[in-house]
Amino acid sequence: MNLIIQGNEVHTQDLKQLAKFAGANAIESITQQAFRLCNARPEMEAAIRAHCSGAQLDYAFVPATRSLSQFGLLVMDMDSTLITIECIDEIADMVGVKPQVAAITASAMRGEIDFAESLVRRVALLRGLDQDALQQVYDERLELSPGAEIMLKKLKENHIKTLLVSGGFTFFTERLKQRLGLDFIAANTLEIVDGKLTGKVLGKILDAQGKADALNQLRAELGLTNEQVIGMGDGANDLKMMAVAGISIAYHAKPVVQEQATYALNYVGLEGVANLLTG
C-alpha cells in the first residue's frame, strides 16, 4: 500500500512523522501539495488520522497498483462537489427565501429527510420567480470547485468518461457540460410557464436511487465493470450512487458520507482525485 498525503501546505516534518507511523520506506513527490509514502502499513491509522487532522492534511491508503488508467468512468455530484454552491439555495435568495430553503437542503444532505420530499418542498418556495434568475445565478454566483479543471484534464488524458449527476437542475448541468466538455449529464427539470417558475419539477425526481440508476445504466452502456467506476459526492443523496461504484470519494462531505466512502478529501481541491490514483 501507498499512503497518499495531500494538503495546501505539506511540511517535511509532517511527512517524516507520518512515514514513521506507517513504516514507509520512501517519500515521493507527486505534486508540491501531494506526496506518496511507499510501502506503508495501516496498523497505526489512528495515529495517522489524528496527526493529519491536526495538520489539516488529507490521507489515504491506496494500493500501489491502483492508477487512473484502470478506470473508465467518473460519476460526480454537482452542487458543493463540482461547483462550490447549492444552486437551489442561490435561486431562493432571489425571492428572499434562502434561509428556509438552505435549512431544508442541509437537512437533506445530512440524510435527515427524504431527498425527493425535500426537493418538492424547496421548489414550491420558488413559485413565481422569473426564469432569468437562473441565468443570474449561473453568471454571478456559480464557481467551480478548486482544482476542477485540473481533475477534468487528467481524466481526459486517461480517456475516462464523465457523468455529472445531480438532484439539482438541467439548466445548470447543461451549461456545465458545454463549458467543461463533460460527456454525460442527468438532473431534474424545473417547470417554467410564461417565463415563470411554477414551483414544480417536471417528470420523475432524480433522487438518490436515480443517481445510482444513472451510474449503472451508463456503466452498462459503456461496457464497464463496477470496479472501473469512480463515484464522488458530498451529501447523503450521493450514497447510493457511490455505493455501486468501484471506489468512492467523499469531497468536503457530510460525516455520514465520509464514513462510507473509500477515500475522503477535506482540505485539498478536486485535483486531489487524480493525485490519489497516480499508481
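All of the numbers you see were taken from the coordinates with simple rules; none came from a lab. As the structure is a prediction and not an experimental result, all values here were calculated from the model. Counting neighbours? That spans all protein chains shown, and the Cβs are built from the backbone with ideal geometry, glycine included.
Specify which residue in the list Gly7, Cys52, Ala24 is farthest towards the positive end of the charge dipole of the stretch 1-64, using unit charges on the beta carbon of Lys, Arg (+1) and Asp, Glu (-1), about the Cα centre.
My answer, from the dipole projection, is Ala24.
What's the tally of Lys pairs in the chain whose alpha-carbon atoms lie under 15 angstrom apart, where the two lysines are 8 or more places apart or on different chains?
Step by step, the pairs that qualify in the chain add up to 6.
Counting Lys +1, Arg +1, Asp -1, Glu -1, what net charge surrounds Glu149 among other residues with beta carbon under 11 Å of its beta carbon?
In short, +3.
Can you give the local net charge around Lys161? Use residues other than it whose beta-carbon is closer than 14 angstrom to its beta-carbon, Lys and Arg +1, Asp and Glu -1.
+1
Using the Cα centre as the reference, give the magnitude of the dipole from point charges on the C-beta atoms of the chain (Lys, Arg: +1; Asp, Glu: -1; all else neutral), rounded to the nearest 20 debye.
540 debye
What is the local net charge at Ile249, summed over the other residues whose Cβ is closer than 12 Å to its Cβ (Lys, Arg +1; Asp, Glu -1)?
Taking every Cβ under 12 Å from that of Ile249, the sum is -4.
After finding the eigenvalues of the alpha carbon gyration tensor for the stretch 1-104, what semi-axes result from the square roots of 5 times each, listed largest first in whole Å?
Value: 37, 18, 12 Å, ordered largest first.
Just Ala264, Ala236, Ala102 to compare: in a GNM of the chain, with alpha carbon springs under 10 Å, which one fluctuates most?
Evaluated over the chain, the most mobile residue of the options is Ala102.
Which trypsin sites (Lys or Arg not before Pro) from the stretch 171-221 combine a DSSP loop assignment with at most 12 other Cβ atoms within 10 Å?
Sites meeting the loop and neighbour criteria: Lys204.
From Cα coordinates alone, what are the radius of gyration and Dmax values for the stretch 109-153 in angstrom?
15.2, 40
Using amide H atoms built 1.01 Å from N in the peptide plane, name the residues 5+ places from Ile113, or on other chains, whose amide H lies under 5 Å from its own.
The list, which skips near neighbours in sequence, is Ala108.
For labels at Gln258 and Arg41 in the simple 7 Å Cα→Cβ model, what's the distance in nm?
Here the answer is 2.7 nm between the modelled labels.
Just round it to a whole percent: the fraction of Cα-Cα distances in the chain exceeding 33 Å.
Value for the chain: 25 percent of Cα pairs lie more than 33 Å apart.
Picking from Ile113, Pro99, Met76, whose Cα lies most toward the positive end of the charge dipole for the chain (charges on Cβ: Lys, Arg +1; Asp, Glu -1)?
Met76
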